[in-house]
1. Given a Förster distance of 22 angstrom, what is the FRET efficiency for Lys361 paired with Arg459, based on the Cβ-Cβ distance and rounded to 0.05?
2. Determine which aspartates and glutamates satisfy two conditions relative to Lys328: a Cα distance under 13 Å, and not lying fewer than 8 residues away in the same chain.
3. So, by mean Cβ neighbours within 10 angstrom, what's the order for 159-168, 28-37 with the highest one leading?
4. Could you give the nm distance between label points at Arg425 and Ala27, where each point is 7 Å from its Cα heading toward the beta carbon?
5. I'd like to know which of Val54, His147, Gly113 lies farthest towards the positive end of the charge dipole of the range 43-181, counting +1 on Cβ of Lys and Arg and -1 on Cβ of Asp and Glu.
6. Report, in debye and to the nearest 20, how large the dipole of the range 380-465 comes out about its Cα centre when Lys and Arg carry +1 and Asp and Glu carry -1 on their Cβ.
7. Report, in debye and to the nearest 20, how large the dipole of the range 145-226 comes out about its Cα centre when Lys and Arg carry +1 and Asp and Glu carry -1 on their Cβ.
8. Could you pull the Rg and Dmax for the range 43-181, using just the Cα atoms, both in Å?
Amino acid sequence: MTDSAFANAQKQLDTAAKILLKNAKTAEEKLELEKKLASLKQPKRIAEVSLPVVMDDGNVKYFTGYRVQFNDNLGPYKGGIRFHSNVSLDEVKALSFWMTIKCAVANLPMGGGKGGVIVDPKKLSIKELENLSREYAKSIADIIGPHKDVPAPDMNTNGIIMGWMLEEFIKIRNSKNEIRNKKELNKLKATFTGKLVKDGGSEGREEATGLGGLYVLQAILAKLRTQNSMTKTQSFDYTQDKKEKLTVAGSQTSQPRLTVAVQGFGNVGHNVAKFLDANGFKVVAVSDSKGGVYVSEGINPELTQECKKKNGTLAGCYCSGSVCDLKKGRQITNQELLELPVDILVPSALEGVITENNAGKIKAKVILEMANGPTTPQADSILFKKGITLIPDVLSNSGGVLVSTFEWEQNLKSEHWTKEQVNKRLKSEIQKAAWDIWNLSKKEKIDLRTSAFVLALQRILAKSN
């Protein structure tokens with residue numbers, strides 16, 4: 001990446017701002033809009049903390065952590081906490097900005113925030129990881145709460161870690177005599193989402209991001225089919241030379257099998273691959289940080305995941321159908337995966353993997369961004385000119401924050417929804433967001449990312465003081 005993550009985020013803001021300013025009807029309205037937009041140039045609060053952690057050898061080691069609260073026009077700050085050796089303030093600022101946009105895109109009563117600790121969690125024991133988690137929760141306890149800031153899991157954090165943090169937070173609140181009954185305790189549980197179900201977490205939360213990605217992709221593909229049918233274009237033929245005989249309910253039927261490559265095979269990448277495979281897509285390639293595998297006849301995501309866990313790497317996990325067979329595939333690099341001739345590319349790893357240097361080599365017709373910020377602004381322009389439909393991260397991976405908000409709502413109301421209820425509401429709300437963004441993009445003749453930002457800014461600025 002030639003620019004910082006936050007600089008890229010601000011370029012995305014500027015692009016959308018131009019659309020809003022162009023549509024201002026008077027000079028006064030334009031001036032007022034410029035003032036409001038200026039409030040989104042920097043976060044409202046940045047907390048940098050030093051975390052003393054007792055290590056297994058008895059020594060105390062200090063780690064640096066951050067919590068960035070970007071904007072709360074629409075509601076409490078909302079955003080994950082990541083543990084990673086490459087965490088930086090610049091990155092956390094960018095992620096908190098994108099969370100602000102993402103919550104607005106999903107039309108949630110939430111603002112945007114983000115947290116992170118500079119650490120390689122793989123080098124910590126379970127006890128050291130717990131100590132770090134509790135110290136981080138203590139360090140930000142005064143600035144979080146169910147109606148202030150609601151953290152969640154992110155990279156290298158999970159429901160267990162959220163449980164430790166919540167326990168520490170409640171311990172602090174209890175010491176101040178702020179918990180008088182069970183109802184107040186349940187409300188305080190809403191401070192952290194992404195918890196284990198036994199701790200007040202929501203059904204369906206772990207798979208929500210991947211499942212949401214499927215729902216968004218289906219919604220946009222339906223729009224593309226309609227558009228291509230109306231314009232009689234063959235630029236994205238969903239049926240020609242892509243039909244396979246599939247057995248459905250005991251009989252054979254011809255269905256299109258769009259090919260997919262998924263970069264990043266962690267929780268999000270694995271789940272989106274699993275849901276795509278189960279819904280008629282052909283996942284032909286997956287990768288992790290060490291490289292990937294390509295199987296032309298299609299990968300079995302569940303079997304491949306089991307193989308990865310067993311081997312510790314994806315290398316050699318050429319799993320198709322019900323077996324793993326070295327003859328059926330080949331090993332590829334992450335860069336090669338991005339440039340495969342597939343219908344749909346799903347970047348699910350880190351920021352800035354699609355740049356001006358490789359955007360011209362991408363052959364996919366649709367990009368479904370499941371990572372945060374995987375495409376730079378320079379690459380966006382190249383992809384748009386090539387006619388590639390890019391479904392932006394602030395829409396496609398918003399399933400996680402949607403179900404996190406459902407969890408928050410359940411805690412506040414002392415309710416527990418079934419997985420069926422959660423998934424039904426997730427599908428309804430995320431597809432509505434996809435359609436809103438599609439329709440605005442056609443009206444303004446802009447790409448989907450700019451459309452998402454314009455829609456989000458309209459909602460955020462409408463609540464601006």
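Coordinate-derived values only; no laboratory data. As the structure is a prediction and not an experimental result, all values here were calculated from the model. Here the Cβ is made from the backbone with ideal geometry for all residues, glycine too, and neighbour counts use every protein chain on show.
1. Details: r = 36 Å, r/R0 = 1.64.
For R0 = 22 Å, the calculated efficiency reads 0.05.
2. Glu297
3. Numbers: 159-168: 20.8, 28-37: 13.9.
The peptides rank, most packed first, as 159-168, 28-37.
4. Result for the modelled spin labels: 4.9 nm.
5. The Cα lying farthest towards the positive end belongs to His147.
6. The dipole magnitude comes to about 320 debye.
7. Around 360 debye, computed over the range 145-226.
8. 14.8, 48
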